[in-house]
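The structure appears below as structure tokens.
Nothing in this text is a laboratory measurement; each read-out follows from the coordinates by a stated rule. The model shown is predicted, which means the values in this text are computed figures rather than measured ones. Positions of Cβ are backbone-derived with ideal geometry, glycine not excepted, and every protein chain shown enters the neighbour counts.
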């Protein structure tokens with residue numbers, strides 16, 4: 001009997017400990033994951049994992065095999081600063097008023113207070129106030145290194161995002177502060193030097209670290225190795241510059257397409273007041289005849305240069321992700337790869353962003369959560385850039401969660417956890433006064449929703465994937481239905 005009672009007591013003890021262990025396991029700790037947020041400037045879904053056969057992106061393709069890839073992710077504004085402002089603040093352009101200009105996002109009435117507010121003004125600030133070590137490398141906000149300087153180098157050098165970063169770690173290399181590393185050519189030259197450096201493309205250096213994106217990958221690797229040693233929670237913002245203009249990368253990346261049959265996705269010009277003359281593109285000195293539209297050969301050469309820069313950045317991301325694996329940090333680090341907007345590669349006879357059309361607003365989004373059972377999944381669920389902030393809060397459960405303004409996005413966790421989930425009916429994008437709604441099949445563009453007689457454009461992207469034919473007049477019911485979502 002005594003042995004029986006002993007066994008019973010031991011069993012009870014084991015059950016008790018098992019019960020407690022189950023409770024502890026169920027109670028998910030705060031500050032649950034690290035975050036590696038990789039932003040790539042001007043990167044549209046021109047990758048192998050998005051079905052683009054001409055692209056050479058083996059490292060991002062490999063990452064996609066362990067992540068959830070969003071085929072229909074849309075930015076809030078198709079320009080760098082305003083898109084990143086929406087990302088970092090979690091605020092819709094409908095509320096912030098930042099719907100066009102890069103500079104408007106970080107100056108004037110929308111400037112961040114340099115006095116710490118009761119709530120976090122930006123996503124990295126929220127993680128920092130939760131005890132994370134926050135590190136900036138490259139372009140995450142608008143400027144190239146997190147400090148406020150104009151293109152010509154003037155400025156006071158204040159932090160662009162107050163109270164956000166513990167470590168502003170962007171390596172300057174041979175280039176001048178800020179924008180020099182952004183518009184960089186080889187050997188310390190850059191577009192804003194005043195020396196006439198304005199070549200559209202340059203592929204002359206041998207080594208990755210001869211250019212800024214290689215130096216940033218190197219710095220990120222060093223920081224990750226240090227985090228692995230200290231075991232401190234971190235939020236790293238790593239912002240690569242290419243494939244933003246000018247198209248500059250090592251010679252090997254240009255030569256990689258020497259034997260490839262590269263054809264640009266150039267189409268006819270669109271009949272819309274939102275068509276523009278691609279001023280950012282045509283301001284550069286070109287190695288081919290500057291025509292409107294480009295000749296077929298010139299378009300192919302320009303497209304090849306874009307693909308070469310994508311290949312270069314893909315390799316830098318591969319270096320960083322390899323370090324994440326080797327250090328063991330991948331086991332508790334959420335990785336996000338995000339393009340700040342799309343880019344026309346000749347579609348509608350546009351070379352650039354700055355439009356309310358599909359090509360300018362659709363961008364790359366891939367996300368990997370540790371121990372996620374769903375890996376290598378591609379989803380057609382609609383997603384907005386606004387959704388990333390609440391998604392990271394949802395997964396990481398940072399200790400400090402008060403934001404200065406309510407977050408306007410939705411957590412993507414239902415989509416990441418279940419292939420059948422779809423959290424929104426439309427994805428909204430803004431350009432000036434215009435608002436665009438992307439549904440499963442259509443894109444509606446209303447030039448000014450506050451006016452009843454405003455110009456309306458409707459494109460059936462299932463049958464007209466480049467959106468060249470405005471069918472608004474012949475489909476008033478669809479227009480009416482989609483206009484309701486603009487509210």
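Could you tell me the calculated FRET efficiency between residue 296 and residue 460, based on Cβ-Cβ distance and R0 = 25 angstrom, to the nearest 0.05?
FRET efficiency, residue 296 to residue 460: 0.40.
Among rounded, prolate and oblate, which fits segment 212-371 when a ≥ b ≥ c are the square roots of the eigenvalues of its C-alpha gyration tensor, a/c under 1.5 means rounded, and a/b larger than b/c means prolate? The partial results should precede the final answer.
Details: a/c = 2.83, a/b = 1.96, b/c = 1.44.
Taking the square roots of the gyration eigenvalues as a ≥ b ≥ c, segment 212-371 is prolate.
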Relative packing of 199-207, 137-145, which averages over residues the other C-beta atoms within 10 Å, highest first = 137-145, 199-207
query = When DSSP assigns beta bridges and you keep just the ones with both residues in the chain, what percent turn out antiparallel, to the nearest 5?
reply = 45
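I need the shape label for segment 357-477. Rule: rounded when a/c is under 1.5, else prolate if a/b > b/c, else oblate, with a, b, c from the alpha carbon gyration tensor. Don't skip to the answer; put the middle values down first.
Working: a/c = 2.98, a/b = 1.65, b/c = 1.81.
Oblate, since a/c reaches 1.5 and b/c is not below a/b.
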ask   = Relative to the longest principal axis of the chain, what angle (0 to 90°, nearest 10) does the C-alpha long axis of helix 2-26 take?
value = 20
key: In range of the label at residue 252: residues from segment 314-332 whose backbone nitrogen is under 18 Å from the point 7 Å along Cα→Cβ   = 314-323
key: Potential extension, residue 397-residue 418 segment - 0.36 nm per residue separation minus Cα distance   = 5.6 nm
ask   = Points 7 angstrom from Cα along the Cβ direction at residue 210 and residue 280: gap in nanometres?
value = 2.7
query = Which length gain, in nm to one decimal place, applies between residue 440 and residue 259 when the Cα-Cα distance is subtracted from 0.36 nm times their residue separation?
reply = 61.4 nm
remark   = Taking the alpha-carbon centre of each part, the distance from segment 174-229 to segment 362-423 in Å is 31
ask   = Taking only the alpha-carbon atoms of segment 321-378, what semi-axes of the equivalent ellipsoid follow from 5 times the gyration tensor eigenvalues under a square root, in whole Å, largest first?
value = 33, 12, 8
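Grab the beta carbon distance between residue 289 and residue 62, set R0 = 41 Å, and tell me the FRET efficiency rounded to 0.05. Don't skip to the answer; put the middle values down first.
Working: r = 39 Å, r/R0 = 0.95.
It comes to 0.55.
For a quick protection proxy, order the peptides 280-288, 465-473 by their average other-Cβ count within 10 Å, most packed first. All intermediate terms of the calculation are to be shown ahead of the outcome.
On the way: 280-288: 14.4, 465-473: 16.0.
Result, highest mean first: 465-473, 280-288.
Between residue 151 and residue 117, 0.36 nm times their residue separation minus their Cα-Cα distance comes to what?
Details: separation 34, 0.36 × 34 = 12.24 nm, distance 2.95 nm.
Residue separation times 0.36 nm, minus the Cα-Cα distance, leaves 9.3 nm.
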message = Please compute, for the alpha-carbon atoms of segment 433-487, the extent along each of the three principal axes and give them in descending order in Å.
response = 30, 20, 18
request  = Given the peptides 421-429, 350-358, arrange them by the average over their residues of other C-beta atoms within 10 Å, most packed first.
outcome  = 350-358, 421-429
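Quick check on the chain: helices-only [θ] at 222 nm, where DSSP H runs of length 4 and up contribute -39,500 (n - 2.57) each and the sum goes over total residues. Nearest 500, please. Display every interim value, and only then the final one.
Working: 14 runs with 143 residues, N = 487.
Calculated at 222 nm, the ellipticity per residue is -8500 deg cm²/dmol.
Once R0 is set to 51 Å, what does the formula 1/(1 + (r/R0)^6) return for the Cβ-Cβ distance between residue 232 and residue 52, expressed as a FRET efficiency to the nearest 0.05?
On the way: r = 38 Å, r/R0 = 0.75.
FRET efficiency, residue 232 to residue 52: 0.85.
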request  = Quick one: grab Rg to one decimal and Dmax as a whole number for segment 101-207, Cα atoms only, in Å.
outcome  = 15.8, 50
